[in-house]
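Heads up, the thing below is written out as structure tokens.
The values are calculated or read from the model by the stated rules, or taken from the named source; none is laboratory data. The shown structure was predicted, so the numbers you read here are calculated from the model rather than taken from an experiment. Backbone-built Cβ (ideal geometry, glycine too); neighbour counts: all protein chains shown. Just the protein is used for accessible areas: all its heavy atoms, side chains included, with ligands, DNA and RNA removed. Shrake-Rupley method; radii C 1.70, N 1.55, O 1.52, S 1.80 Å.
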Amino acid sequence: SSGINAEWPLRPGGVLAVASLVTSFVALSKLSQVENNSRERTAELEAANDQLEAVVTRLGCRISPLTYSWYLAMNMNPDDGHIMDYTTGWSSTEGIGTEREALARDYKDQSVWEKPVDSIAIVRHQNGTVDAVKVFKFTDKGIPLSERFNTTKYYRATVTSGGSVDQIAEDAENMGDDPVFAVSGDLVFNWGYGLCGTRIALTGSSLSKDVDTGDGGGDRNTHGLGNHFSCTPTPDAEIESQTDTLKHEISNIQDCSFAAWQKDKCETVVQGGDHGTGSKYEFVPFRNGTVYGNYALYVSRDATLFPGPGTQLGLVIGQCD
């Protein structure tokens, strides 16, 4: 009544045939499942690739999964309570800050500081999102920042050539007196004058004479990243602060000459509150200004382009073609 021949189990050939059919059915089922899983996996990979292509398109550059060319060397937050002035961090052999807060507070990666590099990007960003960027090519190739900020080798030095490649967001604010993006030219490092110094400025800005004469012949009109109005910036002296009252991290482009600073007590406008305070002088020469953003320094051995405005930053940025 079952429809199965009662003699079939008694025939060895029939038993082997059924076993073979069952084995084949199981194998086909597994193969079908593998193929289905493979199709699903392929679909997932294609969807992920589409997302990557969308990101790449948004960034305006192509990213190679095996090539990462821009490395975060330093980040400067002018209002985090830590003052990255002329005497702090640039020529030391120690790092500053943590990777977790690398793009939120003052930060220096000493391992990147020691890498031989050919290019540098100065990136102004808002909470890790690119606002504006300038890319420069160093004149001397393969030299690490640790040597470039050594004043015995590079003092009052123009260190790049050919100007910069600029990318600035259409809605970027406070560009009129930004110490990096309001001026043109090449980068100068370790710009000392008298007992004053600026670690990074541009040739298109005001670059003070080497000596403050005290009678108005000098000025304090060099403004940029990593500043101090009373230190020992020269190659023949150990770099140290004369008074912490006059150190300041980021100062904007402005006109406040040495004579005016003495006579009229003009105030140097700095971004945020990262500057010296105290009572050594009868007035505090700094005025807290608007924070235009964080300023990050990225370096590379081979890249010449950097992802533009809207890019989300990290410790490492992919190669752009």
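Here are the numbers:
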{"read-out": "Lone qualifier among R100, R105 - being open to solvent by 60 Å² or more (accessible area, probe 1.4 Å), modelled with pLDDT of 95 or more and part of a loop (DSSP other than H, G, I, E, B)", "value": "R105"}
{"read-out": "Unique match (being farther than 15 Å from R148 by Cβ, at pLDDT 95 or above, open to solvent by less than 30 Å² (accessible area, probe 1.4 Å) and of a type in the set (V, I, T)) among V180, V188", "value": "V180"}
{"read-out": "Total residues in segment 152-177, condition open to solvent by 10 Å² or more (accessible area, probe 1.4 Å) and part of a loop (DSSP other than H, G, I, E, B)", "value": "14"}
{"read-out": "D85 open to solvent by less than 10 Å² (accessible area, probe 1.4 Å), at pLDDT below 95 and assigned to a loop (DSSP other than H, G, I, E, B)", "value": "yes"}
{"read-out": "Tabulated pairs, segment 101-113, first in contact (Cβ under 8 Å) with a residue 12 or more places away in the chain, second among the aromatic types (F, W, Y) and open to solvent by 50 Å² or more (accessible area, probe 1.4 Å), C-beta under 8 angstrom, 6+ apart or interchain", "value": "D109/Y71; V112/Y71"}
{"read-out": "Enumeration of residues in segment 115-151 that are more than 16 Å from the chain's Cα centre (by Cα), crowded, with 21+ Cβ neighbours inside 10 Å and not β-branched (V, I, T)", "value": "R148, F149"}
